[in-house]
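Down below is the structure, laid out as structure tokens.
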Amino acid sequence: MSKLDPYELEVLEAYESGKLKPIASKAELQRMRTAARATSIKDKRLNIRLSSADLLDIQAKALAEGMPYQTLIASVLHKYVAGKLAEKAPAVVSAQRRLTPRST
């Protein structure tokens, strides 16, 4: 008995019959392989203290994404140091303005 749903069976059939064609060039595939290898090397350990609430929120997000929470944390940190994750400063500023009493 197959554990594949109808869509998965359709994709498998298309793959096996040769109907699926790669959309990335060989250079793009090599670049992706190199990036994947570089990000998968984990040679250092880090201990960090978080609030219980933050850890629960991270675990919930990771569960929704279908990944271990440690992987999610590592991914977020990697994106941040690579410059691919930025703060949403305007939202923070507007929230601070709403919380700051105005002098009249």
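The values are calculated or read from the model by the stated rules, or taken from the named source; none is laboratory data. In this text the structure is predicted, and so the values were computed from the model without any measurement. Positions of Cβ are generated from backbone atoms using ideal geometry, with glycine treated the same way; all protein chains shown enter the neighbour counts.
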Top-ranked residue in the stretch 15-55 [being among the hydroxyl-bearing types (Ser, Thr, Tyr) and under 20 Å from Ala82 (Cβ atoms); ranked as surrounded by the most Cβ atoms within 10 Å (Cβ to Cβ)]: Thr39
Number of positions in the stretch 74-98 that are more than 19 Å from Ala35 (Cβ to Cβ), in a helix (DSSP H, G or I) and modelled with pLDDT of 65 or more: 1
Give just the number: which of (1) in the same structural domain as His78 (by TED's automatic domain parsing); (2) modelled with pLDDT under 90 does Leu56 not satisfy? (2)
How many residues does the stretch 2-26 hold that are among the acidic types (Asp, Glu) and part of a loop (DSSP other than H, G, I, E, B)? 1
Selected residue (criterion: nearest to the chain's Cα centre (by Cα)) from residues of the stretch 40-68 that are of a type in the set (Ser, Thr, Tyr) and in a helix (DSSP H, G or I): Ser40
Need the failing condition index for Ile58 against (1) among the hydrophobic types (A, V, I, L, M, F, W, C); (2) in contact (Cβ under 8 Å) with a residue 12 or more places away in the chain; (3) surrounded by fewer than 10 Cβ atoms within 10 Å (Cβ to Cβ), just the number. (3)
